[in-house]
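Laboratory data are not the source of any read-out in this text; all were calculated from the coordinates shown. Since this is a predicted model, take the numbers as computed values, not measurements. Cβ placement follows ideal geometry from the backbone for every residue including glycine, while neighbour counts extend to all protein chains displayed.
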Amino acid sequence: VSVSRAIKPFAEPGRPPDWFSQKHCASQYSELLETTETPKRKRGEKGEVVETVEDVIVRKLTAERVEELKKIIKETQEKYRSLKKDAELIQAGHMDNRLEELCNEIMMWVI
């Protein structure tokens, strides 16, 4: 229960209400364990840190999230550049014939 409650604030919009139920979290974790390769144990010196399945899952999910965030940043930067270019064209008076259309687009974003 504590895990499902703890991750709820980090939800993406549009998740169904039962997404954070205890049962669903347990099934997701079980699926992760089944699909993750178990690290091979090495024979070595005592005190050597052996990577666990949990470590592999954390590393995998972290890498996936980093890629998602990079994609979001790239999309946001492209949108910013586009909006900045549009703002410069508007200020220069080159978009006067499209001002009403642009205003309608902005109103759609706000709503």
So which residues in the stretch 69-96 are over 17 Å from residue 106 (Cβ atoms) and loosely packed, with under 10 Cβ neighbours inside 10 Å, if there are any at all?
-> 92, 93
Number of positions in the stretch 65-111 that are assigned to a helix (DSSP H, G or I) and more than 30 Å from residue 11 (Cβ to Cβ) = 18
Kindly list, by first and then second residue, each pair from a residue in the stretch 59-71 that is touching a residue at least 24 places away in the same chain (Cβ under 8 Å) to a residue that is outside any helix (DSSP H, G or I), limited to pairs with Cβ atoms under 9 Å and residues at least 6 apart or on different chains.
-> 60/36
